[in-house]
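Single-structure report; data block below.
Please treat every number below as a calculation from the coordinates, not as lab data. What you see is a predicted model, and the numbers here were worked out from it, not measured in a lab. Glycine gets a Cβ as well: all are built from the backbone with ideal geometry, and neighbour counts include every protein chain shown.
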Amino acid sequence: MRKSIQVVCSFAIALIGLGALSGPLLGQATPYRTVDTAWGQESLPGDREWGAVSAIYPAPDGQSIWIAERCGQNTCTDRPDVDPVLQFDLDGNLLQSFGAGEIAWPHGMYVDQEGNVWVTDALGFGDQPEGWGHIIVKFSPQGEILLTLGERGVEGQSETLLAKPSDLVVAPNGDIFVADGHDAGGNNRIVKFDSEGNYLMEWGETGTADGQFSDPHALAMDSLGRLFVADRNNNKIQIFTQDGEHLQSWTQFARISGMYIDENDILYAVDSESNQARNPGWKRGVYIGSVHDGWVTEFIPDPELDPDTSGTSGGEGVAVDAEGNVYTAEVGPQTVMKHVRRGQD
């Protein structure tokens with residue numbers, strides 16, 4: 001039965017991928033309206049502007065948004081006095097910032113139920129005295145460093161070393177799951193730690209089969225505790241138990257760079273790379289649907305309607321606030337966009 005559902009979904013969404021540019025549902029207009037293409041920009045300190053942004057996540061109550069960006073450019077290595085981690089209210093007003101000198105290339109983010117902010121540093125830079133990157137930092141809501149996974153500036157594939165970690169998620173019991181690491185030629189594994197950062201297990205290797213990965217770029221977890229892995233270079237989402245048992249693979253959400261699952265188990269999956277060279281026939285944008293049946297029901301199109309054969313546009317990260325507004329963190333365009341459901345703005 002499960003296999004037949006997957007086949008039906010894949011066929012239906014194949015039609016969706018080839019549908020009208022206004023949205024995936026065979027010409028149906030998107031139910032969202034983009035209300036701000038530079039959200040939060042005006043409240044950045046001084047003359048600072050958004051740099052590359054992919055790390056974004058709502059606070060536990062949905063009343064503020066956390067963002068980690070690359071210090072107004074694409075790396076913080078030469079701006080050690082600039083805070084890469086910032087908190088905004090829902091109107092885009094800056095509330096606080098921290099993390100200067102700690103993160104070189106923020107990529108993924110998770111905010112746990114205590115409000116602690118986890119950020120992955122997904123590239124390594126060795127030209128500083130202590131090196132940069134290959135770590136995950138857990139900050140308190142006030143910016144105190146509580147835990148570090150991996151060793152700063154040291155690339156590896158072991159129980160204690162990471163290589164370009166892309167994203168993480170924390171289970172309700174405190175177990176930590178890490179997508180390690182960025183790029184198709186990376187470690188291509190999921191690593192599980194306990195709440196204190198002690199290694200528990202791992203799974204995955206480079207490949208295209210179920211349980212193998214090629215750039216596991218984002219993670220999310222639903223209310224059933226299933227782990228969703230955006231296997232970007234393989235153009236699919238893989239779903240696992242917390243012990244690494246493969247459950248399903250979905251292709252109907254396109255080539256995913258970022259994911260967020262809300263309290264109603266609605267998956268928001270953002271595609272920033274599909275084009276005729278990579279995942280032909282699919283459109284870039286935010287694909288929205290329930291994790292319980294896998295159907296894509298809504299779509300927010302990328303503003304770049306005819307992307308070239310390389311690079312990225314639109315969102316790489318995605319977040320949703322308590323009011324249902326959708327935020328996309330844009331690496332290529334270097335901005336944050338806010339999308340509001342029509343009739344609610």
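Side notes on the structure shown:
- Averaging Cα coordinates gives a centre for region 236-262 and one for region 160-188; these two points are 14 Å apart.
- Low-density loop cleavage sites - trypsin sites (Lys or Arg not before Pro) in region 151-207, where at most 16 other Cβ are within 10 Å (DSSP): none
- Inter-label distance, nm, simple model (7 Å from Cα along the C-beta direction), Asp78/Trp295: 5.2
- Charge sum, other residues only, whose C-beta stays under 12 Å from Val53's C-beta, Lys/Arg counted +1 and Asp/Glu -1: -3
- Residue-averaged [θ]222 nm for the chain, counting only DSSP H segments that reach four residues, each worth -39500 (n - 2.57): -1500 deg cm²/dmol
- Panel order for Ser274, Ser249, Ser195, by other beta carbons found within 10 Å of each beta carbon, from fewest to most: Ser195, Ser249, Ser274.
- Positive-end residue of Val229, Pro141, Phe98, charge dipole of the chain with Cβ unit charges: Val229
- What separates the Cα centres of region 130-144 and region 33-49 is a distance of 25 Å.
- Identified option (computed semi-axes √(5λ) of the Cα gyration tensor in Å; candidates (1) 28, 24, 18; (2) 34, 26, 17; (3) 51, 20, 17): (1)
- Per-residue packing, averaged as other Cβ atoms within 10 Å, sorts the ranges 227-239, 29-41, 201-213 into the order 227-239, 29-41, 201-213, beginning with the highest.
- Considering only Ser54, Ser257, Ser97, the mean-square fluctuation computed in a Gaussian network model of the chain, springs between alpha carbons under 10 angstrom, is largest for Ser97.
- A simple charge model with +1 on the Cβ of Lys and Arg, -1 on the Cβ of Asp and Glu and nothing else charged puts the dipole of the chain at about 1160 debye relative to its Cα centre.
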